[in-house]
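The values are calculated or read from the model by the stated rules, or taken from the named source; none is laboratory data. Predicted model only: the values in this text are computed from it and were never measured. Cβ placement follows ideal geometry from the backbone for every residue including glycine, while neighbour counts extend to all protein chains displayed. Surface accessibility is based on the protein's heavy atoms, side chains included, excluding ligands, DNA and RNA. Shrake-Rupley method; radii C 1.70, N 1.55, O 1.52, S 1.80 Å.
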Amino acid sequence: MTQVFEVSGMHCGGCASRVQRAATALAPGTTVTLDPPRLILPAGVSLDAEAIDKALAEFGDYSAVGPLPQG
């Protein structure tokens, strides 16, 4: 099952690229979308928002909320 997180502070393509870089370093295969601003972890990877926030902090003022309910 995949985990989906909302990402606040991500407003443009440059932001999405920075978040993608940070997310890929945490979990290769992670997908980042700008509209809606989401980070989708691949199946089999489980992280919490705190771990993602820590990785994102190096790239800008971004914050992950989730995981969001699936269904």
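Just a few scattered comments:
- Among the residues of the stretch 13-30, those that are part of a helix (DSSP H, G or I), out of contact with any strand residue (DSSP E or B) (no Cβ under 6 Å at 6 or more places or on another chain) and over 14 Å from residue 61 (Cα atoms) comprise 13, 21, 24, 25, 26.
- There is at least one residue in the stretch 31-46 that is under 21 Å from residue 70 (Cα atoms), in a strand (DSSP E or B) and free of Cβ contacts under 8 Å to residues at least 12 places away in the same chain.
- Residue match in the stretch 5-12 (condition: part of a strand (DSSP E or B) and touching a Ser or Thr at 6+ places or on another chain (Cβ under 8 Å)): yes
- The residues of the stretch 55-67 that are under 21 Å from residue 11 (Cβ atoms), in contact (Cβ under 8 Å) with a residue 40 or more places away in the chain and surrounded by 12 or more Cβ atoms within 10 Å (Cβ to Cβ), listed by number, are 56, 59, 60, 62, 63, 64, 65, 66.
- Residue-level analysis places residue 52 outside the set of residues that are open to solvent by 30 Å² or more (accessible area, probe 1.4 Å) and out of contact with any Asp or Glu (no Cβ under 9 Å at 6 or more places or on another chain).
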